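The values are calculated or read from the model by the stated rules, or taken from the named source; none is laboratory data. Computed from a predicted structure; not experimentally measured. Note that we place each Cβ from the backbone using ideal geometry, even for glycine, and neighbour counts take in every protein chain shown. Calculation scope for accessible area: heavy atoms of the full protein, side chains included, ligands and nucleic acids excluded. Shrake-Rupley method; radii C 1.70, N 1.55, O 1.52, S 1.80 Å.
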Amino acid sequence: MHQPLPTELFATIIDSTPLISIDLIVRDENDNILLGERLNAPARGFWFTPGGRIYKNESLVQAFERITSAELGVAIAMSEASFHGVYEHFYEDSAMGDHISTHYVVLAYNVTLPTTHHPLNTNHPLVNDQHQSYK
């Protein structure tokens, strides 16, 4: 189980290394893509795909299922997704403030959910402290 890092240590990590994350390109059968408006830095105020970082000693398969569960309200097996590509995101700020920049190396995956199971159309609304609204 992942234990949160002490704030000072996490700030040093963000300041010193890239973070590795998984982004989810969530489509319905009409090819609509789910986006969330970010509340927190980095990318505050921007519309973004759901996703999250991979933790130390967590396999990609474990991270994928944890992230889909946390971001979409349903755990999806990595085998049900298709790899989209590797991307980089650079931000001048970070979750630690404006004085530390953020560098993400992102593994993007396509996930298709039927409209009836799509997070915006279910009784399980997306509850997340990272996004203020979804479209």
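Measuring only protein heavy atoms, the 1.4 Å probe finds Glu65 accessible over about 80 Å².
Once the Cβ-Cβ distance of His103 and Lys135 is raised to the sixth power relative to R0 = 22 Å, the FRET efficiency obtained is 0.20. Within segment 1-99, the trypsin sites (Lys or Arg not before Pro) that combine a DSSP coil assignment with at most 10 other C-beta atoms in a 10 angstrom radius are Lys56.
Annotation for segment 1-104: chymotrypsin sites (Phe, Trp or Tyr not before Pro) lying in DSSP loop with at most 13 further Cβ atoms inside 10 Å of their Cβ are Phe46.
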